[in-house]
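Notes follow once the structure below has been shown.
The values are calculated or read from the model by the stated rules, or taken from the named source; none is laboratory data. Note that this is a predicted model, so its numbers are computed, not measured. Ideal geometry is used to build each Cβ from the backbone, glycine not excepted, and the neighbour counts take in all protein chains shown. The protein model used for the area step is the full one, side chains on, heavy atoms only, and it has no ligands, DNA or RNA in it. Shrake-Rupley method; radii C 1.70, N 1.55, O 1.52, S 1.80 Å.
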Amino acid sequence: MNYKFSGFTQKLTGSATPAAHSPQGLKPGLPAESPTMIFATPTKVVSEGAATVEYMGTNKVPDLQKLFQTSDGVPIHLKRGVPDRLLYRTTMALTVGGVAYCLVALYIAAQPNKK
């Protein structure tokens, strides 16, 4: 015996073979169409003659490698100077402030209600 989900009773009910093999949401008579390709054509035409690569700016990687690989006793996250120190100190201040706020909130939550 074949079973089919009844949308009215929300249960499985017995059904004939053809009804069991065509679910409620599908329409068997429609032909299956392949979806259109979104990226069928290239979005940027590459010229055959140009073998050089154009960059948006200069390559800063070798300079940054020299900066970060010097052994001057400064931690890696502070090597770029004032901006790094500002970000580091702001992060530390927010972290300490957040811990203090959590401790105060826990202290207040631990106190019994005064009626």
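For residue 20, state whether it is at pLDDT below 70 and loosely packed, with under 10 Cβ neighbours inside 10 Å. Lay out the reasoning, then the answer.
Numbers: at pLDDT below 70: yes; loosely packed, with under 10 Cβ neighbours inside 10 Å: no.
Taking the combined requirement at face value, the residue does not satisfy it.
For residue 48, which of the numbered conditions (1) surrounded by 10 or more Cβ atoms within 10 Å (Cβ to Cβ); (2) at pLDDT below 90 fails to hold?
Here residue 48 clears every test but (1).
Name the single residue that is least open to solvent (accessible area, probe 1.4 Å) among those in the range 58-115 being assigned to a helix (DSSP H, G or I) and acidic (Asp, Glu).
The residue in question is 84.
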